[in-house]
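Chemist: One structure, pasted below without further comment.
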């Protein structure tokens, strides 16, 4: 089974469901779980002219810390061995998927669990998909957990 599972968190409903699945898998495999939040530095650089990039990075770091604290609490409640990590993109040259891949390879994870919004068509082309970009380059198995469907969100553009 899986000795080390990594779950990617971003605050979305899909990521919350991914965390629940990762906790259950880790419990079943008696492995170790690492919850990861990727701090995207490119967002801070994008708005550098309008506001202080350090403030944006600080706010994003606080969001990540809050999410990871919640994940750690869930792990403890379910008696799952695990830890948390904030990983930063390397400036504007690296995206979230690449940063997550770098962390997964460094940590030696056996499985990655991540949420996906399940967008299709034009919406996926315009917004893109971190999960899809990660999956294309993944070096270990990946479990994608889809966001709960909602008829209003599934309406075409």
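The values are calculated or read from the model by the stated rules, or taken from the named source; none is laboratory data. All values derive from a computational prediction rather than experimental measurement. FYI the Cβ positions are ideal-geometry reconstructions off the backbone, even for glycines, and counts take in every protein chain you see.
Chemist: Just name the residue that is nearest to residue 143 (Cα to Cα) out of those in segment 89-100 that are out of contact with any strand residue (DSSP E or B) (no Cβ under 9 Å at 6 or more places or on another chain) and in a helix (DSSP H, G or I).
Modeler: Looking at the filtered set, the residue picked out is 98.
Chemist: Restricting to segment 109-148, what's the tally of residues that are over 25 Å from residue 82 (Cβ atoms) and either at pLDDT below 70 or in contact with a strand residue (DSSP E or B) (Cβ under 6 Å, 6 or more places away or on another chain) (or both)?
Modeler: Result for segment 109-148: 11.
Chemist: If you don't mind, another one. Looking at the structure I just gave you, is residue 9 at pLDDT 95 or above, over 18 Å from residue 69 (Cα atoms) and surrounded by 19 or more Cβ atoms within 10 Å (Cβ to Cβ)?
Modeler: Considered against the rule, which asks whether it is at pLDDT 95 or above, over 18 Å from residue 69 (Cα atoms) and surrounded by 19 or more Cβ atoms within 10 Å (Cβ to Cβ), residue 9 comes out as no.
Chemist: Does segment 73-84 hold any residues that are in contact with a strand residue (DSSP E or B) (Cβ under 8 Å, 6 or more places away or on another chain) and either more than 21 Å from residue 14 (Cα to Cα) or loosely packed, with under 15 Cβ neighbours inside 10 Å (or both), and which are they?
Modeler: Within segment 73-84, 81, 83 meet the criteria.
Chemist: Scan segment 29-52 and tell me whether some residue there is touching a helix residue (DSSP H, G or I) at 6+ places or on another chain (Cβ under 7 Å), assigned to a helix (DSSP H, G or I), within 18 Å of residue 116 (Cα to Cα) and at pLDDT 95 or above.
Modeler: Taking every residue of segment 29-52 in turn, none turns out to be touching a helix residue (DSSP H, G or I) at 6+ places or on another chain (Cβ under 7 Å), assigned to a helix (DSSP H, G or I), within 18 Å of residue 116 (Cα to Cα) and at pLDDT 95 or above.
Chemist: Next up: Can we say residue 101 is at pLDDT 95 or above, under 13 Å from the mean Cα position of the chain (by Cα) and surrounded by 17 or more Cβ atoms within 10 Å (Cβ to Cβ)?
Modeler: On the way: at pLDDT 95 or above: yes; under 13 Å from the mean Cα position of the chain (by Cα): yes; surrounded by 17 or more Cβ atoms within 10 Å (Cβ to Cβ): yes.
Yes; evaluated as a whole, the condition is true for this residue.
Chemist: Do we have residue 56 as surrounded by fewer than 20 Cβ atoms within 10 Å (Cβ to Cβ), at pLDDT 95 or above and either in a helix (DSSP H, G or I) or more than 17 Å from the chain's Cα centre (by Cα) (or both) here?
Modeler: Here the answer is no, as residue 56 does not meet what is asked.
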